[in-house]
Amino acid sequence: MRSSSLLLFSVLVGVCEVQAASDLRVCAFNLQHFGESKSKKSKVMLSLTRIIARCDVCLLQEVRDSKEKAVQKLLDSINRYDSKHEYKAVASERLGRSESYQEQYVFIYRTGSVTVTGQYQYPDNLPGDVDAFSREPFVVRFKAPKTVIKEFVLIPQHTTPTNATKELDALYDVLLHVKKMWKTENLMLLGDFNADCGYLAKKNRKNVRLITERGLYWLIPEKTDTTVRESTSCAYDRIVVYGERFSRAVVPSSAKPFNFQREYKLTEEQALEVSDHYPVEVLLKGKALRVSSNVGTLLAFFSYLVFHMLTW
C-alpha cells in the first residue's frame, strides 16, 4: 500500500506542473585595471569569465578599455562559456577628472533573467557642490520578472580612496534624485566604496548620510574581507539596499564576497593576476512556488485514494 501511495503522489506532482523561479544573483567586481593588456592573458580571462557567468547581473569597475575591445572580448568569452544563456553589456562613458586615467562602469547581464529598461549618467556636479565624484554613478534600471521585487535600480560607485567619505555621503543625494526621477524605491547601491580601513575612518562615519540615514541596509558585514591579499583585511566592496520592501526581497545571509582564489584553487599570485578584490554578491528572491489551478482538486483526490488504501 505504501508503494502504491508513493507512486500516486509522484504522478500527481507531475500533473500539478509545479514551477519555481531561481534566485537572482547580483554582483559587483573591481577588475583592477581591466583593459587590452589583461584581456590578452588567457588564464586571467578564463577566471573572469567563470566568475562573471555566475551572476545574473554583474557590475564591473576599473574598466580601462580605451580601444573598446577588451569588454567585447570578455563578453564573447562569457557567451561561449555559458552557451545556454545570452549575455549583453551596457556601459557608461569614460569617467575621470584626468585625461590620462579614466574608467567605465560596465554591467554584464543575462538576458533571460533581466532586461534593461532605463539608464542614466549622473551629472558631474551636485547642487551647491561642484564635482563631488571622480567617477559619477552610471545608474541602470532592470526589469526582473522572475523575482519577487519585479524591477530594481542599480547605482554603482567606485570611490576615490582619498575622497571616500565625501563621495559616500554624496551617494545619498544620488539615491534621492533617482528615487524621485524614476518614482521607485527599489534601489541598490554597490561597488568598491573603499568603505573601510584607512579610507573611511570610524570618526568620519557620522558624516556619511548613506550610513546615518534610516531605511538603508548595508548587506556586507563590517568585518568582511573583500581583498585578495593575505596581508590585508578590509571591507572595501559593499552592497546597500534602500527600503524595507527591498530588504525583504533579499535572500537572508546571501550577501558575501566570492572567494575565487579558494574556489578555483589559485595561488595568491595567480589570484592577484585576476584582481586584488573579490567580487561581492547578493541573491534576490525568486517568485514563490506556482501551481496549476487544478492542484486543490488533485490533492483532494489523492487524499481520498490514500484514505481508502489504508482502510483496505
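The values are calculated or read from the model by the stated rules, or taken from the named source; none is laboratory data. These figures come from a predicted structure and were not determined experimentally. Positions of Cβ are generated from backbone atoms using ideal geometry, with glycine treated the same way; all protein chains shown enter the neighbour counts.
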Q. Within region 104-117, can you find the residues that are of a type outside the set (Ser, Thr, Tyr) and buried (at least 17 other Cβ atoms within 10 Å of the Cβ)?
A. Gln104, Val106, Phe107, Ile108, Arg110, Val114
Q) Which one of these does Val140 not meet: (1) surrounded by fewer than 21 Cβ atoms within 10 Å (Cβ to Cβ); (2) touching a Phe, Trp or Tyr at 6+ places or on another chain (Cβ under 9 Å); (3) not in a loop (DSSP other than H, G, I, E, B)? A) (1)
(Q) So the check is Cβ under 9 Å with 6+ separation or different chains; which pairs have a first residue in region 27-40 that's assigned by TED's automatic domain parsing to the domain that holds Asp237 and a second one that's at pLDDT below 95 and not small (Gly, Ala, Ser)? (A) Phe34/Asp65; Gly35/Asp65; Gly35/Lys67; Glu36/Asp65; Glu36/Lys67; Ser39/Asp65
Q: Please state which one of Ala170, Ala164 is closer than 17 Å to Glu213 by Cβ and aliphatic (A, V, I, L, M).
A: Ala170
Q: Among the residues of region 245-274, write down those that are more than 21 Å from Phe193 (Cα to Cα), of a type in the set (D, E, K, R) and under 19 Å from the mean Cα position of the chain (by Cα).
A: Arg245, Arg248, Glu263
Q: Please report, ordered by residue number, the strands (runs of 3 or more DSSP E) entirely within region 212-312 with at least 1 residues that are among the charged types (D, E, K, R), at pLDDT 95 or above and under 21 Å from Cys55 (Cβ atoms).
A: 237-242, 280-284
Q: Return yes when Asp237 is closer than 20 Å to Asp56 by Cα and in contact (Cβ under 8 Å) with a residue 60 or more places away in the chain and no when it is not.
A: yes
Q. For the subset of region 86-103 comprising residues that are of a type outside the set (Ser, Thr, Tyr) and in contact with a helix residue (DSSP H, G or I) (Cβ under 8 Å, 6 or more places away or on another chain), which member is surrounded by the most Cβ atoms within 10 Å (Cβ to Cβ)?
A. Ala91
Q | Sole exception among (1) outside any loop (DSSP other than H, G, I, E, B); (2) among the basic types (Lys, Arg); (3) at pLDDT 95 or above for Arg97, by number | A | (3)
Q: Residue by residue through region 250-267, note down the ones that are crowded, with 20+ Cβ neighbours inside 10 Å and either basic (Lys, Arg) or over 23 Å from Ser47 (Cβ atoms) (or both).
A: Val250
Q) Can you tell me which residues in region 272-281 are crowded, with 22+ Cβ neighbours inside 10 Å and among the hydrophobic types (A, V, I, L, M, F, W, C)? A) Val274, Val280
Q) Which of the residues spanning region 124-183 are farther than 20 Å from Asp237 by Cβ, in contact (Cβ under 8 Å) with a residue 12 or more places away in the chain, of a type outside the set (A, V, I, L, M) and in contact with an Asp or Glu (Cβ under 6 Å, 6 or more places away or on another chain)? A) Asp124, Asp131, Lys143
**Q.** Pairs with Cβ under 8 Å, 6+ apart, first in region 241-270 and under 25 Å from Glu230 (Cβ atoms), second assigned to a loop (DSSP other than H, G, I, E, B) and hydrophobic (A, V, I, L, M, F, W, C)
**A.** Ala255/Leu219; Ala255/Ile220; Lys256/Ile220; Pro257/Ile220; Phe260/Leu266; Gln261/Val228; Glu268/Val228
Q | Hits in region 207-244 (condition: under 19 Å from the mean Cα position of the chain (by Cα), exposed (fewer than 13 other Cβ atoms within 10 Å of the Cβ) and farther than 21 Å from Glu167 by Cα) | A | Glu244
